[in-house]
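Structure record follows, encoded as structure tokens.
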Amino acid sequence: MSFPWAEQYEPKSPLMKWIDSRLPLPRLVFNAVGAGYPVPRNINIWYNFGVLAGVALMIQIITGIVLAMHYSAHVSTAFNSIEHIMRDVNSGWLIRYLHMNGASFFFIVVYIHIFRGLYYGSYKAPREVVWMLGVVILLLMMATAFMGYVLPWGQMSFWGAQVITSLFSAIPLVGEPIRQWLVGGFAPDNATITRFFSLHYILPFVILGVVILKIWALHIPGSTNPTGVDVKGPQDTLPFHPYFTAKDFVSLCIYLLAFATVTFFLPNALGHPDNYIPANPLSTPAHIVPEWYLLPFYAILRAFTVDLLFIEAKLWGVIAMFSSILLLLFLPWLDTSKVRSNAYRPLYRTFFWILVVDVLVLGYVGAMPAEEPYVRIGQIATMYYFAHFLIILPIVSAIEKPLPLPNSIAEAVLAKAQKLAPQATPAPGSAVAQPAE
Amino acid sequence: MATTPDEIEGGDVRRRDFIYIATGAFAAVGAGVVAVPFINQMNPSADVRAMATTEVDISAVEPGMAIKTIWQSKPVFVKRLTAAEIAEANSVDVKTLRDPETLAERTKPGKLEWLVTLGVCTHLGCVPLGAGQGESKGDYNGYFCPCHGSHYDTAGRIRKGPAPLNLEVPPYEFTSDTVIEIG
Amino acid sequence: MVRLIGMAIGAIFVFVLAWAALVPREAAAPDPVKLLHKEPREVSFAHSGPFGTFDRAQLQRGFAVYKQVCSACHGLYHIHFRNLEDIGFSEAEVKAIAAEYEVPAIDPNTGEAITRPAIPSDKWPRPFPNETAARAANNNAYPPDLSLIIKARKNGEAYVYSLLTGYGEEPPAGFEVPDGLNYNPYFHSVNIAMAQPLMVDQIEYADGTKATVDQMAKDVTAFLRWAAEPELERRRQAGIATLIFLAILTVLAWLSYRRVWAGVQH
């Protein structure tokens with residue numbers, strides 16, 4: 001894998017040589033995230049979010065393992081065990097708030113990562129499998145986050161579980177049996193909390209496995225870059241280490257600054273107050289909402305309000321919600337444009353930004369009660385969401401005239417440098433770093 | 001025009017190295033500090049620590065009787081010795097014992113009749129018999145551990161069997177004549 | 001093929017949504033309760049803001065209000081007596097406070113259910129054994145646990161303070177307050193089962209502070225904030241230290257990054 005000019009691993013010390021000849025782990029690391037992995041030199045900060053997502057996953061796994069040492073998965077003790085963590089366990093409040101807000105920050109990072117992929121056409125050949133594995137990770141993340149939210153057994157935990165599992169009962173004939181199978185009873189109860197705990201513990205490791213597959217698949221063609229032009233030679237790339245480790249480390253620090261600010265000073269800002277009320281199966285909260293990162297999908301679910309074409313509204317909503325994520329799997333074939341980057345696709349770029357706004361609107365509508373004007377806004381926004389991917393994207397990519405592409409990454413980099421400092425133009429080639437030795 | 005860091009020479013190298021080392025050292029210290037709460041969380045939590053002391057009301061204990069209580073999740077025997085038991089304990093030549101201690105050393109001054117010991121055999125941690133009504137008191141009229149046959153005398157001292165030490169006396173105090181606080 | 005199927009599916013979704021959006025709907029009837037309901041009034045404390053710390057004297061006053069007024073119906077489910085050391089009581093004082101209360105126990109000789117004086121490691125006793133008993137005693141209303149109330153309500157401090165001081169307004173003409181309920185515009189349904197709990201000079205503060213309704217409401221709100229977030233001060237201290245550390249690390253990381261990339265165009 002990788003490019004022919006990638007640096008070869010040569011153990012520096014006898015010890016590393018000894019290890020490398022028996023277990024080539026140093027070689028693997030060197031080729032994956034070390035100097036042996038050439039990366040397009042022009043990738044910008046939006047390309048840092050993949051690494052950040054990996055860090056966020058590790059934070060969730062580590063804090064989660066710790067919380068599991070103190071949590072008690074039983075309807076009668078789950079809520080109290082969370083308060084035990086918050087009040088009595090040494091630094092328990094810190095670890096729990098890190099886990100709680102870590103989930104939100106994981107989604108923030110992943111959503112930015114997805115939109116970066118959309119903007120720069122990262123889903124296109126030859127990276128379709130990378131993209132599809134990413135969609136699988138997103139689905140696993142949503143399932144994991146949903147089940148994790150149930151574990152404290154607060155009001156939103158219980159009613160969230162009730163609402164989400166009820167979605168399955170919309171399926172004709174087999175729906176109700178499936179729902180009962182999922183929750184292990186007629187309503188969410190002890191069987192639900194124990195199975196959700198078990199799955200919530202194991203799914204992150206499944207995600208980790210898919211992440212490894214994704215990185216493996218990514219390392220074959222390497223990253224895309226803001227021009228969308230393929231890497232042509234050594235002058236187009238820089239070794240991952242030290243160039244991108246240094247860059248990623250800066251973004252990691254900034255990420256941690258934002259994460260720490262929220263965790264220490266606004267720890268409950270992203271959560272819902274009702275989840276500090278113990279679950280009560282006899283009293284529904286005035287207004288059930290999922291965690292913020294699921295709101296756009298919740299809005300899509302609720303946008304379908306009329307029975308039509310022999311399918312009742314509820315089932316339409318469920319089909320649409322799942323379709324809204326699954327359609328991403330087909331993106332590489334819905335977009336036929338040969339040009340990857342939206343920097344050279346002025347028409348589609350406009351629609352891209354409309355989509356960004358559209359998803360934000362969906363998120364806003366998802367948080368609002370089901371009344372006018374939110375219902376109608378949600379319907380129009382949902383309409384655009386599907387039209388964007390299923391209708392606009394195929395048509396635009398067929399009719400659009402892209403801007404001229406640069407011949408190579410190095411050329412684009414030089415052109416940019418000239419624009420910034422027209423006097424001090426270095427001769428081509430001299431500005432191009434050779435891989436570090 | 002050398003551009004990769006490894007090719008920069010002279011004073012630059014020193015300054016460059018300083019920044020790299022400072023960054024790395026700072027990050028390493030940060031990681032070390034973050035590790036502290038993640039390790040400390042496994043220590044006993046506040047609710048467990050609040051159980052570090054136990055108060056026992058001994059007003060209802062008659063001579064010759066013992067009560068069992070729990071202190072720090074371990075059984076504790078509080079035994080009120082009879083005059084005969086005290087005499088029996090004092091009649092032993094301390095030098096001949098495996099773990100030489102007098103009864104007076106194992107009780108509070110002036111409270112020779114109150115023997116407070118952990119109910120944990122010093123051999124392998126079983127709970128000895130002898131505190132409850134009708135339980136075997138062993139060959140020395142004190143406690144008897146059924147696991148491997150350790151016999152303790154009326155002062156809770158090891159006399160026979162594999163246990164190496166006398167039954168441990170926990171730290172305790174009389175807060176009044178009828179209440180002791182263990183821990 | 002994928003594109004054709006996709007377009008067909010897209011067209012179906014768009015059609016269904018357009019139909020749903022165009023179906024005329026009945027105008028929502030204005031909800032009279034919504035018009036009467038008021039947003040909570042903001043209130044500020046020594047512990048407000050990112051660097052605030054609790055005023056221990058205020059917490060102790062608030063505890064007195066809770067103990068003498070609220071505790072008749074409301075529990076502090078997640079508070080142990082030992083936690084009171086946090087708000088400035090000594091170990092002996094905590095012991096004495098605990099000993100005023102009886103908690104359920106088992107007679108070691110007979111196994112019968114008895115009560116014994118509480119000790120610091122005990123939880124605060126609940127006023128009612130269970131929800132059913134609480135509802136039976138309170139006209140079918142359930143007095144919620146107060147140890148998490150600040151976190152369990154939107155804008156919790158302002159809400160509790162406004163609710164406690166929001167009694168006494170006359171409902172508008174024509175608005176019927178049901179029997180057994182009380183008008184309070186800060187409650188979500190504006191009719192609350194709890195009667196006005198705080199009256200002027202209802203309690204006597206040990207530190208001589210005048211016990212106005214506003215003072216008591218503020219004090220008990222501060223106490224409940226502590227009850228909900230006892231880690232608040234430690235959290236903020238740790239947060240400031242973390243942010244300072246990360247800020248320095250960010251600068252160092254930035255300098256390293258500039259060094260590594262010196263002279264490299266990208």
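Could you say whether any residue in region A:60-70 is crowded, with 20+ Cβ neighbours inside 10 Å, of a type in the set (Ser, Thr, Tyr) and more than 26 Å from A:Phe244 (Cα to Cα)?
Scanning region A:60-70 turns up at least one residue that is crowded, with 20+ Cβ neighbours inside 10 Å, of a type in the set (Ser, Thr, Tyr) and more than 26 Å from A:Phe244 (Cα to Cα).
Before we move on, is C:Glu231 crowded, with 22+ Cβ neighbours inside 10 Å and in contact with a helix residue (DSSP H, G or I) (Cβ under 7 Å, 6 or more places away or on another chain)?
Here the answer is no, as C:Glu231 does not meet what is asked.
Let me confirm something: among A:Arg27, A:Arg87, A:Arg41, which residue is closer than 22 Å to A:Pro278 by Cβ, crowded, with 16+ Cβ neighbours inside 10 Å and among the charged types (D, E, K, R)?
Selected residue: A:Arg87, the only one of A:Arg27, A:Arg87, A:Arg41 that is closer than 22 Å to A:Pro278 by Cβ, crowded, with 16+ Cβ neighbours inside 10 Å and among the charged types (D, E, K, R).
Please tell me if C:Tyr205 is at pLDDT below 90, touching a helix residue (DSSP H, G or I) at 6+ places or on another chain (Cβ under 7 Å) and away from chain A (no Cβ under 14 Å).
Yes, satisfied.
Based on this model, can you work out whether A:Ala68 counts as in contact with a helix residue (DSSP H, G or I) (Cβ under 7 Å, 6 or more places away or on another chain), among the small types (Gly, Ala, Ser) and more than 14 Å from every other protein chain (Cβ to nearest Cβ)?
No: the conditions fail for A:Ala68.
If we scan region A:154-164, do we find a residue that is at positive phi and not in a helix (DSSP H, G or I)?
Within region A:154-164, none of the residues are at positive phi and not in a helix (DSSP H, G or I).
Do the conditions hold for C:Leu232, that is, is it of a type outside the set (Gly, Ala, Ser) and within 22 Å of the chain's Cα centre (by Cα)?
yes
Of the residues that make up region A:330-342, is at least one of a type in the set (Gly, Ala, Ser), surrounded by 14 or more Cβ atoms within 10 Å (Cβ to Cβ) and more than 10 Å from chain C (Cβ to nearest Cβ)?
Yes, some residue in region A:330-342 is of a type in the set (Gly, Ala, Ser), surrounded by 14 or more Cβ atoms within 10 Å (Cβ to Cβ) and more than 10 Å from chain C (Cβ to nearest Cβ).
Might you check whether a residue that is in a helix (DSSP H, G or I), more than 21 Å from the chain's Cα centre (by Cα) and within 21 Å of A:Pro285 (Cβ to Cβ) occurs anywhere in region A:133-152?
Within region A:133-152 (the criterion being in a helix (DSSP H, G or I), more than 21 Å from the chain's Cα centre (by Cα) and within 21 Å of A:Pro285 (Cβ to Cβ)), the answer is no, since none of the residues qualifies.
I need a count of the residues in region A:376-396 that are more than 8 Å from every other protein chain (Cβ to nearest Cβ), more than 16 Å from C:Gly10 (Cα to Cα) and touching a Lys or Arg at 6+ places or on another chain (Cβ under 9 Å).
Adding up the residues that qualify gives 1.
Confirm whether C:Ala46 is of a type in the set (Gly, Ala, Ser) and either assigned by TED's automatic domain parsing to the domain that holds C:Ala118 or not in a loop (DSSP other than H, G, I, E, B) (or both).
no
Within region A:90-99, how many residues are under 20 Å from the mean Cα position of the chain (by Cα) and crowded, with 22+ Cβ neighbours inside 10 Å?
So the first thing to find is which residues in region A:90-99 are under 20 Å from the mean Cα position of the chain (by Cα), and the list is A:98-99.
Now narrow it down to the ones that are crowded, with 22+ Cβ neighbours inside 10 Å: A:98.
Residues flagged as under 20 Å from the mean Cα position of the chain (by Cα) and crowded, with 22+ Cβ neighbours inside 10 Å within region A:90-99 amount to 1.
Just checking: which of the helices (runs of 4 or more DSSP H) contained wholly in region C:89-170 hold 1 or more residues that are within 12 Å of chain A (Cβ to nearest Cβ) and in contact with a helix residue (DSSP H, G or I) (Cβ under 8 Å, 6 or more places away or on another chain)?
Where helices (runs of 4 or more DSSP H) fall fully within region C:89-170 and carry at least 1 residues being within 12 Å of chain A (Cβ to nearest Cβ) and in contact with a helix residue (DSSP H, G or I) (Cβ under 8 Å, 6 or more places away or on another chain), they are C:149-152, C:156-165.
Mind listing just one residue for me: the one in region C:241-266 that is touching a Phe, Trp or Tyr at 6+ places or on another chain (Cβ under 8 Å), of a type in the set (A, V, I, L, M, F, W, C) and over 16 Å from A:Leu256 (Cα atoms) and, of those, farthest from the other protein chains (Cβ to nearest Cβ)?
C:Trp261
Please identify the pairs in which a residue from region C:5-22 that is closer than 15 Å to A:Arg302 by Cα and at the interface with chain A (Cβ under 8 Å from one of its Cβ atoms) has its Cβ atom under 9 Å from the Cβ atom of a residue that is in a helix (DSSP H, G or I) and of a type in the set (D, E, K, R), counting only partners at least 6 apart or on another chain.
Filtered contacts from region C:5-22: C:Ala20/A:Arg376; C:Ala21/A:Arg376.
Only one of C:Glu157, C:Glu170 is surrounded by fewer than 17 Cβ atoms within 10 Å (Cβ to Cβ) and touching a residue at least 12 places away in the same chain (Cβ under 8 Å). Can you tell me which?
C:Glu170
Which ones in region B:18-42 are more than 17 Å from A:Gly64 (Cβ to Cβ), within 35 Å of the chain's Cα centre (by Cα) and facing another protein chain (nearest Cβ under 7 Å)?
The answer is B:Asn40, and nothing else.
Quick one: which of C:Ile97, C:Ile149, C:Ile87 is free of Cβ contacts under 8 Å to residues at least 40 places away in the same chain and not small (Gly, Ala, Ser)?
C:Ile97
So A:Tyr276 fits all but one of (1) buried (at least 21 other Cβ atoms within 10 Å of the Cβ); (2) of a type outside the set (A, V, I, L, M); (3) in contact with a Lys or Arg (Cβ under 7 Å, 6 or more places away or on another chain); (4) within 30 Å of A:Lys338 (Cβ to Cβ); what number is the exception?
Here A:Tyr276 clears every test but (4).
Only one of A:Ile215, A:Ile178, A:Ile171 is of a type in the set (Val, Ile, Thr) and modelled with pLDDT under 90. Can you tell me which?
On the way: A:Ile215 fails: modelled with pLDDT under 90; A:Ile178 fails: modelled with pLDDT under 90.
Criteria check complete, one pass: A:Ile171.
Taking interchain pairs and intrachain pairs at least six residues apart, which have beta carbon atoms under 9 angstrom, with the first residue in region B:8-30 and over 17 Å from C:Thr242 (Cα atoms) and assigned to a loop (DSSP other than H, G, I, E, B) and the second modelled with pLDDT under 60 and not polar (S, T, N, Q)?
B:Ile8/B:Ala2; B:Glu9/B:Ala2
Against the condition modelled with pLDDT under 90, touching a Gly at 6+ places or on another chain (Cβ under 6 Å) and of a type outside the set (Asp, Glu), how does A:His241 come out, does it pass?
Spelling it out, A:His241 is indeed modelled with pLDDT under 90, touching a Gly at 6+ places or on another chain (Cβ under 6 Å) and of a type outside the set (Asp, Glu).
Is it the case that region B:67-82 has a residue that's more than 17 Å from the chain's Cα centre (by Cα), part of a loop (DSSP other than H, G, I, E, B) and at positive phi?
no
Quick one: which residue in C:Ala238, C:Ala217 is within 9 Å of chain A (Cβ to nearest Cβ) and buried (at least 16 other Cβ atoms within 10 Å of the Cβ)?
C:Ala238
Which residue is farthest from B:Thr122 (Cα to Cα), if the candidates are limited to region B:50-60 and must be more than 14 Å from the chain's Cα centre (by Cα) and within 12 Å of chain C (Cβ to nearest Cβ)?
Among those that are more than 14 Å from the chain's Cα centre (by Cα) and within 12 Å of chain C (Cβ to nearest Cβ), it is B:Ala60.
Restricting to region B:92-123, count the residues that are within 20 Å of B:Ser59 (Cα to Cα), within 18 Å of the chain's Cα centre (by Cα) and of a type in the set (A, V, I, L, M).
Residues meeting the conditions: 3.
Can you find a residue that is surrounded by 19 or more Cβ atoms within 10 Å (Cβ to Cβ), at pLDDT 95 or above and not hydrophobic (A, V, I, L, M, F, W, C) anywhere in region A:183-200?
Yes, region A:183-200 contains at least one residue that is surrounded by 19 or more Cβ atoms within 10 Å (Cβ to Cβ), at pLDDT 95 or above and not hydrophobic (A, V, I, L, M, F, W, C).
Check A:Ala246, A:Ala269 and return the single one that is small (Gly, Ala, Ser), without any contact (Cβ under 8 Å) to a residue 24 or more places away in the chain and buried (at least 17 other Cβ atoms within 10 Å of the Cβ). Write out each step before concluding.
Values: A:Ala269 fails: buried (at least 17 other Cβ atoms within 10 Å of the Cβ).
The conditions single out A:Ala246.
When the residues of region C:23-37 are narrowed to those that are surrounded by 13 or more Cβ atoms within 10 Å (Cβ to Cβ) and assigned to a helix (DSSP H, G or I), which ends up farthest from the other protein chains (Cβ to nearest Cβ)?
Checked region C:23-37; the qualifying residue farthest from the other protein chains (Cβ to nearest Cβ) is C:Leu36.
The values are calculated or read from the model by the stated rules, or taken from the named source; none is laboratory data. Nothing here was measured: the structure is a model prediction, and the numbers come from that model. Here Cβ is always computed from backbone atoms with ideal geometry, including for glycine, and neighbour counts include all displayed protein chains.
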